[in-house]
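One structure below.
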Amino acid sequence: MKTKDKKILKPHRPARLKNTRLLDLEVLDELPDNIKFKAKRTPEKVAENYKKSMQLISGRILEIKSNYQYAIEADKKIYTATLSGRLKQFAFHSKSIVAVGDYVELDITAEPPRIENILPRKNTLTRYLGSNYQRPTILASNIDQVIVTSSWRKPMIKPGLIDRYLCLAALDNIDAIIVINKVDLCEDRGKLEETVSYYKTVGYTLLYTSALTGEGVDELHELLKNRDSVFSGQSGTGKSSIINRLEPSLNLPTAEVSNYNEKGKHTTTRTILIPWSFGGHLLDTPGIKTIHLDKEAKSQIPRIFPGFASLAPLCYFNDCTHTHEEHCAVLSALEEGKIPTSRYLSYVSLMNSL
Ligand SMILES: Nc1nc2c(ncn2[C@@H]2O[C@H](COP(=O)(O)OP(=O)(O)OP(=O)(O)O)[C@@H](O)[C@H]2O)c(=O)[nH]1
Ligand SMILES: [Zn+2]
């Protein structure tokens, strides 16, 4: 093999992959060495020739199956595809090279179709799963919004938990919408508004829904249309019931909270992107319910806690923790009654827990 060729075949390091479009050059190995053009080719020509033999179409990874098998949505069809040889090398070293939600380029002339490129991600949804707090797992990528679902009663609304789920979405750089479900169980709407209006005031989209009566479901439908969403929130708040109301054909299992077994009703570990019939996708992943925040997140919470994002830059100290510092915009807002004491206490309790 000539020096020039060796250079071309030098493997890329995984760290570079994120923003690089890769081509599978392995086919070159199969060509006899005495072929004339082989010595003359430039990397550009090689890429061009190789690409010409393919038919690349854009697709989206819906599910990661075993043995480098992926369910891909492309051209309104579902393909079962594999990884190109080169991408397999990367996948061997780093599991997170491919994630549900990744946009890819698929060569449909190959049998089975092959993923040739993985496009850069706009964001990733990462969580610490189980008791493994060493390294976060990527649940999915390129998700537009998290629907933070709480119920008014059964289980009782816990704004402290809503805060946590909102912080997790902000850390992932994903928009959040708040849904308060089971409002059919609410006899005092004034009290309901009083409990959660803060989130609306600080800029969140807030919906009241009932999977039982259908209240608010059309509004939610409009917000989900043509976007990729994931529902997060405590067990039993009615996520599956709302989803079934939106897309009855999914027929997700729902259960009385008291009937849950230890693991909850979902025992599957499958993460899957499901196309909505009305456009956009629903990400179904058991990992989304995890609410573990790591110590590293602690330094970011003062800037991302619900309602603090616009105040934190006004604090005198860049790294203000909004507790003991002078000239703190959050403490001033608290004094002026712009931040309810309950939310501030939730912030302090979250910070102390990390
Ligand atoms: N009254 C009332 N009950 C509801 C509503 N939505 C769901 N439920 C009931 O609440 C229970 C739990 O609902 P699920 O949809 O299974 O809750 P979930 O959030 O998907 O639960 P996990 O999958 O464990 O996270 C079921 O018994 C539902 O029938 C609602 O709007 N009003
Ligand atoms: Zn401050």
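Taking 0.36 nm per residue of sequence separation and removing the Cα-Cα distance, the LEU119/ARG153 pair yields an extension gain of 8.0 nm.
Treating r as the C-beta distance of LYS95 and LEU345 and R0 as 30 Å, the FRET efficiency rounds to 0.15.
Lysine pair count for the stretch 143-289 (Cα-Cα distance under 14 Å; residues 8 or more apart in sequence or on different chains): 9. Note that the stretch 59-74 has calculated 3J(HN,Hα) couplings of x, 9, 6, 9, 7, 9, 9, 7, 6, 6, 10, 9, 8, 10, 9, 8 Hz, one per residue in order, obtained from phi through the Karplus relation 6.51 cos²θ - 1.76 cosθ + 1.60 (θ = phi - 60°); glycine and proline are x.
Normalising the average separation of contacting C-alpha pairs (under 8 angstrom, six or more residues apart) by the number of residues puts the relative contact order of the stretch 295-353 at 24 percent.
Accessible area ranking (1.4 Å probe, heavy atoms, ligands and nucleic acids excluded), largest first, for HIS221, HIS322, HIS93, HIS281: HIS93, HIS221, HIS281, HIS322.
What's the carbon and sulfur percent of the stretch 143-289's accessible surface, probe 1.4 angstrom, rounded to a whole number?
Roughly 46 percent of what the probe reaches on the stretch 143-289 is carbon or sulfur.
Here the simple spin-label model places points 7 Å from the Cα toward Cβ, and for SER53 and GLU222 these points are separated by 5.3 nm.
The values are calculated or read from the model by the stated rules, or taken from the named source; none is laboratory data. Bear in mind the structure is a predicted one, so any value in this text is a computation, not a measurement. For neighbour counting, all protein chains shown are included, and Cβ atoms are generated from backbone atoms with ideal geometry for every residue, glycine included. Side chains included, ligands, DNA and RNA excluded: accessible areas come from the protein's heavy atoms. Shrake-Rupley method; radii C 1.70, N 1.55, O 1.52, S 1.80 Å.
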